[in-house]
Structure formats: C-alpha cells, structure tokens
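The values are calculated or read from the model by the stated rules, or taken from the named source; none is laboratory data. Model, not experiment: these values are computed from the prediction. Backbone-built Cβ (ideal geometry, glycine too); neighbour counts: all protein chains shown. Heads up: the accessible areas ignore ligands, DNA and RNA and are worked out on the full protein's heavy atoms, side chains in. Shrake-Rupley method; radii C 1.70, N 1.55, O 1.52, S 1.80 Å.
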Amino acid sequence: MAEYSSNEKNKLAQKLKKINIISEKDILNIKVSQLKKINEDEELSNLTIKDIQIIWLMQEAIENKTLLEFFTNTK
C-alpha cells in the first residue's frame, strides 16, 4: 500500500473530527453510515478511496499502539 503524507492524514483527521469521530475508539468503530456524513457536508471535500485506505491504516496503528508513528511517518 502507498505511503501517505502527514498532511493527507491530518486532513482526514479533520474530516473525521467534523462528524464527531474524535477518539481512537470512535475510529476503530467507524460505520459506513457515519462516513456518508462527510459527503453530505458541503464544507468538507468528498471522501475518497485514499481516505478509506488511510482509515484502515489508522485503525491498524491504533490496534498496534503506533498512532504517533503513523502521524509522524516514523517507525
């Protein structure tokens, strides 16, 4: 899977925050119906496949307790 920039990850985190997905638990329990809200909000750019891929990676990082490394692109 492709490497994503910190900027791309932060933009997605801001989209998630706008629909009240703010905690690690929220991210791990994201539902498709919640993600649909991003596309319904005129202030937010539409959700992309790239965003979905980043969410998967973010969930993996949370499960592995490496979220800081995920956002800073460090290992």
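Some observations on this one:
- Cross-link reach list, lysines versus LYS31, counting only Cα pairs under 26 Å and skipping chain neighbours closer than eight places: LYS9, LYS11, LYS15, LYS17, LYS18, LYS50, LYS65
- A simple rule links phi to the HN-Hα coupling: the Karplus curve 6.51 cos²θ - 1.76 cosθ + 1.60 with θ = phi - 60°, which for the range 47-52 gives 5, 10, 4, 4, 4, 4 Hz, with x for Gly and Pro.
- Using the alpha carbons alone, the radius of gyration of the chain stands to its Kirkwood radius in an Rg to Rh ratio of 0.94.
- Summed residue charge, Cβ within 12 Å of THR48's Cβ, Lys/Arg positive, Asp/Glu negative: +1
- Extended-chain gain in nm, criterion 0.36 nm per residue less alpha-carbon gap, GLU3 and ILE22: 4.5 nm
- A Förster radius of 25 Å, combined with the Cβ-Cβ distance separating VAL32 from GLU60, puts the computed FRET efficiency at roughly 0.85.
- Accessible surface of the chain, 1.4 Å probe, proportion on carbon and sulfur as whole %: 51 percent
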